[in-house]
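First comes the structure, then the notes that go with it.
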Amino acid sequence: METLAAGTARRDASPVPSDKGLAKAAEDAVVLRVSDVHKAFGDLKVLNGISFDLRRGDVMSVIGASGSGKSTLLRCINQLDPPTAGEIYLNGVPFGFRVDASGKRTPDSLSNINRLRQDVGMVFQQFNLWPHMSVLRNITEAPVRVRKMAKAEARELAEQLLAKVNLLDKRDEYPARLSGGQQQRVAIARALAMNPKVMMFDEATSSLDPELTGEVLDVMRGLGEEGMTMLVVTHEMGFAREASNRVMFIHEGRVEEDGPPEQVFDNPKSERCRAFLSKSYR
Amino acid sequence: MDVWRSIILKNLNLFAEGLWVTTQICVIAFCVACALGLGACLVRLYVRPLRLPATIYIEFCRNTPIYVQLLWVNYVWPDLFGWPQSFFAAGWMALALQSSGYLAETFRAGIEGVDRGHLQAAHSLGMSPFLTFRSIILPQALLNMAPSIMNQFLVLVKSSTLVSVIAVPDLMYQAMRLTAIWFQPIEILSFTAFLYILIVFCLSHAFKLYADRLRGRYGLAMA
Ligand SMILES: Nc1ncnc2c1ncn2[C@@H]1O[C@H](COP(=O)(O)OP(=O)(O)O)[C@@H](O)[C@H]1O
Ligand SMILES: [Mg+2]
């Protein structure tokens with residue numbers, strides 16, 4: 001037994017199962033570890049043992065047919081839908097469970113889960129901006145109320161982020177008056193305001209008109225280039241190929257392919273992945 | 001015209017006094033109804049063990065006639081609880097009771113109608129359930145339900161005429177009293193009806209204007 005990421009703040013010293021033989025340095029860089037995660041809704045098994053490590057600066061695109069469990073995976077990671085089995089670690093800290101002295105695993109408290117959620121940004125297909133708050137307030141709400149940041153400081157941060165996503169002039173506007181692409185960029189800024197360790201995107205451009213996807217993909221690409229660790233569920237094969245350093249293909253809740261884009265796109269091992277890709281590139 | 005001059009104009013002060021009592025009783029009753037309704041709705045939605053009592057309370061309030069509630073609060077409560085000791089308090093309490101049942105259901109619809117995605121966004125940022133409720137759910141529920149909530153106030157204004165039967169000196173009570181004194185029901189009651197129409201009509205338009213402006217401010221479709 002060895003401990004994961006000894007350098008990071010661990011809340012308990014319980015043994016953590018991990019792949020043997022991984023170099024300590026590499027272990028340190030693992031930001032998100034997903035280990036044999038299963039999820040079932042009643043009899044419906046949606047995730048059937050998903051494992052991967054996301055290292056600092058990784059941009060991993062997750063592709064797969066509709067219904068293959070991609071959204072469920074993201075929701076399991078930040079405990080919106082807790083996994084039925086398996087473990088998630090964020091910087092080596094168990095996410096959503098606790099191991100007591102006797103080695104028994106129990107669900108973690110909501111306040112601990114909420115603390116870890118602050119470090120995982122999530123961007124939704126439907127943007128999910130709060131319609132009764134201005135753009136600025138959408139971004140400052142969580143930093144002020146959850147991170148207890150001073151209002152002026154949060155405002156400054158929000159303005160920086162809005163400038164970054166090219167929407168500073170919309171800061172006092174309400175979401176309903178923005179285009180889909182603008183709303184999604186605000187949603188990205190909102191997630192970034194919590195200074196997350198990982199950003200997860202769930203088909204961030206799928207509900208946008210084609211002419212608006214570019215502005216959102218550009219922001220995402222820029223984030224990746226700045227070194228943000230990202231997990232990107234997408235149908236944008238161009239983005240997956242060019243902006244990510246890893247591509248994972250999921251089929252029926254299992255990882256069928258996981259490798260660099262060239263390998264997954266040009267030389268997939270799995271027949272299903274090949275079929276999926278040929279359908280995606282009509 | 002004689003009646004108009006000799007009775008209505010001469011007794012305008014009584015009408016005004018009645019109107020003032022009506023205003024007080026409606027405002028107090030509505031505030032209490034909002035508090036009770038929100039409380040009942042929150043208990044029903046979020047406090048599992050008390051769900052049944054809350055549901056019974058809500059159904060009781062909605063399904064008993066206001067007249068029965070009025071007499072019940074006025075004649076039975078003082079013996080049961082030692083309160084209320086005045087007709088006025090009994091009046092607003094009974095009105096509040098009935099409205100709270102309807103408001104509880106209105107609030108519930110508003111809360112359940114909030115887009116689940118908005119809640120997930122809040123949770124994904126680490127917001128606690130309480131913070132999510134306060135910052136995201138309640139404001140949206142109130143905004144979306146504003147027309148129904150305001151409509152409930154108008155219903156309450158109209159129901160408030162019934163408090164005259166337990167001798168609360170509201171507008172309706174004054175009208176009845178003048179009628180009994182002067183035996184001129186046509187003029188007196190018509191004028192009273194006119195006053196109520198005026199109040200309810202103006203309020204309903206003011207409310208609608210306000211609700212639309214509110215939604216317009218947020219760029220939302222008109223309700
Ligand atoms: N809350 C839920 N309850 C029941 N079934 C669900 C729930 N969420 C997702 N599912 C089911 O899980 C499967 C995978 O869904 P999802 O993760 O959304 O797929 P994807 O994002 O890859 O399209 C689907 O069959 C879906 O119906
Ligand atoms: Mg999905």
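The values are calculated or read from the model by the stated rules, or taken from the named source; none is laboratory data. None of the values given here were measured: they were computed from a predicted structure. Neighbour counts run over all protein chains shown; Cβ positions are idealised from the backbone, glycine included. In case anyone asks, the SASA skips ligands and DNA or RNA and just uses the protein heavy atoms, side chains included. Shrake-Rupley method; radii C 1.70, N 1.55, O 1.52, S 1.80 Å.
Observations
- Hypothetical label at A:Arg56: residues of segment A:70-93 whose amide nitrogen lies under 13 Å (7 Å Cα-Cβ projection): A:91-92
- Considering all different alpha carbon pairs of segment B:1-160, the Kirkwood hydrodynamic radius works out to 17.8 Å.
- Highest-fluctuation residue, B:Leu71, B:Leu119, B:Leu103 considered, GNM on chain B with Cα pairs under 10 Å: B:Leu119
- Remark: segment A:131-195 projects, on average over all directions, an area of 3.8 nm² (convex hull of Cα atoms).
- Approximate spin-label separation A:Glu159-B:Leu12, in nm, with each point projected 7 Å along Cα-to-Cβ: 5.6 nm
- Burial here means at least 50 square angstrom less accessible surface with every protein chain in place than with the chain by itself, probed at 1.4 Å; in segment A:125-150 the buried residues are A:Asn128, A:Trp130, A:Pro131, A:His132, A:Arg145.
- Listing of segment B:91-129 residues, each with accessible area lower by at least 40 Å² in the full protein assembly than in the chain alone (probe 1.4 Å): B:His118, B:Gln120, B:Ala121, B:His123, B:Ser124, B:Leu125, B:Gly126, B:Met127
- Binning the alpha carbon pair distances of segment B:67-127 at 10 angstrom intervals from zero yields the distribution 20, 29, 18, 14, 17, 1, expressed in whole percent.
- Rg followed by Dmax, in Å, when the protein assembly as shown is reduced to its Cα trace: 30.6, 106
- Normalised convex hull volume, segment A:119-239, alpha-carbon set, Å³ per residue: 93 Å³
- Distant-in-sequence amide H partners of A:Val255 (H built 1.01 Å from N, under 5 Å): A:Ser51
- Percent accessible area from carbon and sulfur atoms, the protein assembly as shown, protein chains only, probe 1.4 Å: 58 percent
- Projecting the Cα positions of B:Trp92, B:Pro169, B:Gly126 onto the charge dipole of segment B:51-180 (unit charges on Cβ atoms of Lys, Arg, Asp and Glu, taken about the Cα centre) puts B:Gly126 furthest along the positive direction.
- Rounded to the nearest 20 debye, dipole of chain A from Cβ charges on Lys, Arg, Asp, Glu: 720 debye
- Per residue, segment B:2-222 exposes 50 Å² of accessible surface when a 1.4 Å probe is rolled over the protein heavy atoms with every protein chain present.
- Cβ-derived FRET efficiency at R0 25 Å, B:Leu189 paired with B:Leu45, nearest 0.05: 0.05
- When DSSP beta bridges are restricted to pairs lying wholly in the protein assembly as shown, around 60% turn out antiparallel.
- Less than 5 angstrom separates the built amide H of A:Met122 from those of A:Met200, all sequence-distant by 5 or more or on a different chain.
- Close amide H contacts of B:Tyr218 (hydrogens built in the peptide plane, cut-off under 5 Å, sequence separation of 5 or more or a different chain): none are found.
- A simple spin-label model places pseudo-atoms 7 Å from Cα toward Cβ; at B:His205 and A:Met237 they are separated by 6.2 nm.
- Note, ³J(HN,Hα) from phi for segment A:103-118, Karplus 6.51, -1.76, 1.60, rounded to Hz, x at Gly and Pro: x, 7, 9, 10, x, 7, 5, 4, 5, 5, 4, 5, 5, 6, 4, 4
- Put B:Tyr46, B:Tyr102 in order of accessible area, highest first, and with a 1.4 Å probe you get B:Tyr46, B:Tyr102.
- Each Lys and Arg contributes +1 and each Asp and Glu -1, all at the Cβ; summed about the Cα centre of segment A:131-195, the dipole is approximately 180 debye.
- Per-residue HN-Hα couplings for segment A:184-191 [Karplus 6.51, -1.76, 1.60; θ = phi - 60°; Hz; x = Gly/Pro]: 5, 5, 5, 4, 5, 4, 4, 5
- Taking θ as phi - 60° and the Karplus parameters 6.51, -1.76 and 1.60, the scalar couplings of segment B:84-93 work out to x, 9, 10, 4, 4, 5, 4, x, 5, 5 Hz in sequence order, x denoting glycine and proline.
- In a DSSP loop and with at most 11 other Cβ atoms within 10 Å, the chymotrypsin sites (Phe, Trp or Tyr not before Pro) in segment B:177-211 are B:Phe183.
- For A:Phe276, neighbours were defined as the other residues whose beta-carbon sits under 11 Å from its Cβ, and their charges (Lys and Arg +1, Asp and Glu -1) total 0.
- Estimated FRET transfer efficiency (B:Cys31, A:Leu168; beta-carbon r; R0 45 Å; 0.05): 0.60
- Accessible solvent surface per residue of segment A:131-195, calculated while the other protein chains remain in place, 1.4 angstrom probe, Å²: 42 Å²
- Within the protein assembly as shown: Cβ-based charge dipole about Cα centre, in debye rounded to nearest 20 (Lys, Arg +1; Asp, Glu -1): 740 debye
- Computed label-point distance, nm, for sites B:Asn151 and A:Lys148 using a 7 Å Cα→Cβ extension: 4.5 nm
- Taking 1.002 mPa s as the viscosity and 20 °C as the temperature, the Stokes-Einstein diffusion coefficient of chain A based on its alpha-carbon Kirkwood radius rounds to 109 µm²/s.
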